Amino acid sequence: MKKAICPGSFDPVTLGHIDIIERAADIFDEVVVLVMSNRTKKASLFTIEERISLLRRCLKKENVKIDTYNGLLVDYARQEEAVAIVKGLRAMSDFDYEFQQALTNKSLYPECETVFLCARGDNMFLSSSMVKEVCTLGGDISSFVPQEIADDIYKRCKGDK
Ligand code: ADP
């Protein structure tokens, strides 16, 4: 059984993430969406538990599981015997960082490959930070996030619980 991991902060999950996860699920036998806290990013909008529950409401495929880990990604990959880490690539600006990460992970755990899937054209400039910014300023995010969770994001950005 070939297992892949789609890691990220998913704060919150966007249609860009969903597209990559579902395409990965068509390629691999099992995909684990791994919710990680990102040390380099500013304060989060949703807690890890909330992000998991938002993801759960949007991901319907049977072979997609959700988990969280706060250690090194390759340690999780080794423990789960994952054969691949799947990442979405947007504009060239993603490339330097992702390439560096992929090379580091490969040297730490050579048995696991990083697989890049190109973002769909209409998701090319979509990011969780962009969603938070648009939403906080009162913009329409309905074409950026799954409709199941749009209201949760509106409420949180307005400062409601
Ligand atoms: P973000 O970069 O939006 O904060 P994450 O850190 O949660 O998102 O990213 C998790 C993974 O999803 C990364 O591989 C990232 O490149 C990918 N990703 C994020 N947004 C998109 C998108 N719009 N299209 C394709 N892949 C994406």
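The values are calculated or read from the model by the stated rules, or taken from the named source; none is laboratory data. Owing to the predicted nature of the structure, the values given are computational and were not obtained by experimental measurement. For neighbour counting, all protein chains shown are included, and Cβ atoms are generated from backbone atoms with ideal geometry for every residue, glycine included. Just so you know, the surface numbers come from the protein's heavy atoms only, side chains and all, with ligands and any DNA or RNA stripped out. Shrake-Rupley method; radii C 1.70, N 1.55, O 1.52, S 1.80 Å.
Miscellaneous remarks
- Residues of segment 129-161 that are open to solvent by less than 20 Å² (accessible area, probe 1.4 Å) and in contact (Cβ under 8 Å) with a residue 12 or more places away in the chain: 131, 135, 141, 145, 146, 149, 153.
- Leading residue by the ranking (most open to solvent (accessible area, probe 1.4 Å)) among those in segment 60-73 that are out of contact with any strand residue (DSSP E or B) (no Cβ under 7 Å at 6 or more places or on another chain) and within 18 Å of residue 28 (Cα to Cα): 62
- One residue stands out among those in segment 59-76 that are touching a residue at least 40 places away in the same chain (Cβ under 8 Å) and assigned to a helix (DSSP H, G or I): the one that is farthest from the chain's Cα centre (by Cα), which is 76.
- If you go through segment 1-24 and pick out every residue that is away from the ligand (no atom under 14 Å from the Cβ) and outside any strand (DSSP E or B), you end up with 2.
- For segment 1-18, a tally of residues being under 13 Å from the mean Cα position of the chain (by Cα) and either of a type in the set (Val, Ile, Thr) or open to solvent by 30 Å² or more (accessible area, probe 1.4 Å) (or both) returns 6.
- Segment 25-38 - residue that is assigned to a loop (DSSP other than H, G, I, E, B) and within 12 Å of the ligand (Cβ to nearest atom) and, of those, least open to solvent (accessible area, probe 1.4 Å): 36
- Residue 85 crowded, with 19+ Cβ neighbours inside 10 Å, under 18 Å from the mean Cα position of the chain (by Cα) and assigned to a helix (DSSP H, G or I): no
- Check on residue 43, in contact with a strand residue (DSSP E or B) (Cβ under 6 Å, 6 or more places away or on another chain) and within 15 Å of the ligand (Cβ to nearest atom): no
- Residue that is of a type outside the set (Phe, Trp, Tyr), out of contact with any helix residue (DSSP H, G or I) (no Cβ under 9 Å at 6 or more places or on another chain), open to solvent by 20 Å² or more (accessible area, probe 1.4 Å) and within 26 Å of residue 151 (Cβ to Cβ), where the choices are 22, 80, 50: 22
Here's the yes/no breakdown for (1) part of a loop (DSSP other than H, G, I, E, B); (2) more than 21 Å from residue 22 (Cα to Cα):
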| residue | (1), (2) |
| --- | --- |
| 57 | no, no |
| 105 | no, yes |
| 111 | yes, yes |
| 116 | no, no |
| 122 | no, no |
| 135 | no, yes |
| 138 | yes, yes |
| 148 | no, no |
| 154 | no, yes |
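- Test: residue in segment 89-103 that is surrounded by 12 or more Cβ atoms within 10 Å (Cβ to Cβ), within 23 Å of residue 28 (Cα to Cα), touching a residue at least 40 places away in the same chain (Cβ under 8 Å) and under 16 Å from the mean Cα position of the chain (by Cα): yes
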